[in-house]
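Below is one structure, written out as structure tokens, with a few remarks after it.
The values are calculated or read from the model by the stated rules, or taken from the named source; none is laboratory data. The structure displayed is predicted, hence computed values, not measured ones. Glycine gets a Cβ as well: all are built from the backbone with ideal geometry, and neighbour counts include every protein chain shown.
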Amino acid sequence: MQTLDLSHNRIRKLSRRSFNGLQSVRKIDLRHNRLVSLDQQTFIGLQRNTAAQVQVYVAENPWLCNCIFGLIFLVLFRFVL
């Protein structure tokens, strides 16, 4: 599986390491859900499983923007995307 489409599913929360073990995934679509924040461990499994670029789409969620959330995106851009 190269694309994991979880869009339009009313997802409110993703657990730590939600995507651990998904070695062949190159695209994760989380658009149009109910996510307000992400744990900084959510995508850690992806960085360990693949050297290829992974695209994560997170638009159209009611994000709670704060300093911690900004740090999570810095980690994503550095290690995952």
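Mind listing just one residue for me: the one in region 49-71 that is of a type outside the set (G, A, S) and over 14 Å from the mean Cα position of the chain (by Cα) and, of those, modelled with the highest pLDDT? Let's see the steps before the verdict.
Step one: filter region 49-71 for residues of a type outside the set (G, A, S), giving 49-50, 53-58, 60-69, 71.
Retained after the next criterion (residues that are over 14 Å from the mean Cα position of the chain (by Cα)): 49-50, 62, 64-68.
Working: N49: 52, T50: 53, P62: 91, L64: 81, C65: 72, N66: 67, C67: 63, I68: 64.
By that ranking, first place goes to P62.
Surrounded by 16 or more Cβ atoms within 10 Å (Cβ to Cβ), modelled with pLDDT of 85 or more, in a loop (DSSP other than H, G, I, E, B) and among the β-branched types (V, I, T): which single residue out of V25, V36 fits that description?
Exactly one of V25, V36 is surrounded by 16 or more Cβ atoms within 10 Å (Cβ to Cβ), modelled with pLDDT of 85 or more, in a loop (DSSP other than H, G, I, E, B) and among the β-branched types (V, I, T), namely V25.
Is there a residue being over 12 Å from the mean Cα position of the chain (by Cα), among the polar types (S, T, N, Q) and either exposed (fewer than 15 other Cβ atoms within 10 Å of the Cβ) or closer than 12 Å to V54 by Cβ (or both) anywhere in region 10-21?
no
When you check G45 against the structure, is it on the phi > 0 side of the Ramachandran plot and not acidic (D, E), yes or no?
Judged against the criteria, G45 is not a match.
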